[in-house]
Amino acid sequence: NQSRPPLVLASTFRSKTGNDEGSTRRVHHHRASTTSSPMLSSLNALEVSHSLSSSSRSFREASSEAKSASNNDSTQQHHVYEPSISAQSLQQMISFRRTVSNFLHHPPTSLPVEGGIQCQQILSNAIRRAVECASTAPNHKMSEPTTFHRILSPSAASERLLDISYEVTYQRLLLNKLSGVEACRNEAMRKREKWSKIPAFIVATVGGMEDQYNEEEEQSPYAELPLNAPHTIQQLEDYASSCASIQNLLLSLHSEGIASKWATGTIIRTHALRNLIGCKKDDMVVGLIMFGWTKQVPRMPRRRRVLEGDVLKDVNI
């Protein structure tokens, strides 16, 4: 399993400026304030010696310098554009985020809680910062369609969520006749116990959608409602914006060493969950996000598609 922290900053980098010896600049990590983010001091998250604006050169400048150097002297070393340290750090952080299924209520020993601050308070504050980042996602006509519903554990709300998880799992297994009644109960209880170890949840909803249920049809609160997808262009754009918001949320939490999982199972399409968070009829639940700490970050999965020529294609006319 991956042993390095979620964000790894290179301690040194060489400046390719034509200097024969090559100059080395060092990035110094300093402890973050425990009042603004208690966990950042142990994560060294995104701390660099120069800001992006002052340390990076534009592609135009780099290309112009390289062209000038090649014209003046073919043997002269060229200036090579490289992303700034802060840009590389951000790219590395995004690349290292993984979906985690097994959570801890407390940080592992390598990430100590400082100043006696309770873990629930750390998570609550981290969620607030994450939602601030999430709200910056692009949204057409400034609709700001996404709402985040926070559930901290243990609480009455988290206990109710665990009960909903149990009932939804039990009824789904019975309906599909995957096993006997007792086996279904055991599996549902296993899932409830697993979810009880998750220290916090967020339910993300997007408003202005089609009505998500028909009031005339009576259903079990734990039965899966029919999917009522976005119908109009505005609804589709708002749903896309909500998904972008969730990615911002996950990355913000990851930058503070908090693992996460974005779930979209049956539970998000039930009356029981909708009633728990107080959904309006035209609110669509986009996902249930679970998060907390983890002992180990999963390895990078093997990609089924290659980057060049498959994921990334040049358009040639």
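The values are calculated or read from the model by the stated rules, or taken from the named source; none is laboratory data. Everything numeric here is computed off the predicted structure, so don't read it as measured data. As a convention, Cβ positions derive from the backbone with ideal geometry for all residues, glycine included, and neighbour counts pool all protein chains shown. Remember, those area values only see protein heavy atoms, side chains included, never the ligands or the DNA or RNA. Shrake-Rupley method; radii C 1.70, N 1.55, O 1.52, S 1.80 Å.
Considering only residues that are surrounded by 12 or more Cβ atoms within 10 Å (Cβ to Cβ) and not in a loop (DSSP other than H, G, I, E, B), look in the range 95-115 and name the one that is modelled with the highest pLDDT.
This residue is T99.
Applying the selection to the range 251-266, what residues are surrounded by fewer than 23 Cβ atoms within 10 Å (Cβ to Cβ) and either of a type in the set (A, V, I, L, M) or over 24 Å from T136 (Cβ atoms) (or both)?
L251, A263, G265, T266
Residue-by-condition table, conditions (1) among the basic types (K, R); (2) part of a helix (DSSP H, G or I); (3) at pLDDT 85 or above:
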position	(1), (2), (3)
S63	no, yes, no
N71	no, yes, no
Q76	no, no, no
S86	no, yes, yes
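Considering only the range 128-137, how many residues are surrounded by fewer than 17 Cβ atoms within 10 Å (Cβ to Cβ) and either assigned to a loop (DSSP other than H, G, I, E, B) or among the acidic types (D, E) (or both)?
Adding up the residues that qualify gives 3.
Would you be able to say whether some residue in the range 232-241 is surrounded by fewer than 20 Cβ atoms within 10 Å (Cβ to Cβ) and under 11 Å from the mean Cα position of the chain (by Cα)?
Within the range 232-241, not a single residue is surrounded by fewer than 20 Cβ atoms within 10 Å (Cβ to Cβ) and under 11 Å from the mean Cα position of the chain (by Cα).
Can you tell me which residue is surrounded by the fewest Cβ atoms within 10 Å (Cβ to Cβ) among those in the range 200-231 that are more than 24 Å from the chain's Cα centre (by Cα) and aliphatic (A, V, I, L, M)?
Only one residue tops the list, namely L227.
Among the candidates K191, K197, which residue alone is open to solvent by 40 Å² or more (accessible area, probe 1.4 Å), closer than 24 Å to N275 by Cα, part of a loop (DSSP other than H, G, I, E, B) and in contact (Cβ under 8 Å) with a residue 12 or more places away in the chain? I'd like the intermediate steps shown before the answer.
Numbers: K191 fails: part of a loop (DSSP other than H, G, I, E, B).
The conditions single out K197.
Taking only the range 278-310 into account, find how many residues are buried (at least 17 other Cβ atoms within 10 Å of the Cβ) and of a type outside the set (D, E).
13
Quick test of your reading of the structure: H140 fulfils all but one of (1) in contact with a Lys or Arg (Cβ under 9 Å, 6 or more places away or on another chain); (2) surrounded by fewer than 15 Cβ atoms within 10 Å (Cβ to Cβ); (3) touching a residue at least 24 places away in the same chain (Cβ under 8 Å). Name the failing condition by number.
Going through the list (1) in contact with a Lys or Arg (Cβ under 9 Å, 6 or more places away or on another chain); (2) surrounded by fewer than 15 Cβ atoms within 10 Å (Cβ to Cβ); (3) touching a residue at least 24 places away in the same chain (Cβ under 8 Å), H140 breaks only (1).
Name the one entry in L249, L288, L225 that is modelled with pLDDT under 95 and under 23 Å from S158 (Cα atoms). Break it down into steps so the answer makes sense when it comes.
On the way: L249 fails: modelled with pLDDT under 95; L288 fails: modelled with pLDDT under 95.
One residue alone meets the criteria, L225.
Say we look at the range 143-186 and pick out the residues that are in contact (Cβ under 8 Å) with a residue 40 or more places away in the chain and part of a loop (DSSP other than H, G, I, E, B); which of these is surrounded by the fewest Cβ atoms within 10 Å (Cβ to Cβ)?
Among those residues, the one meeting the criterion is S143.
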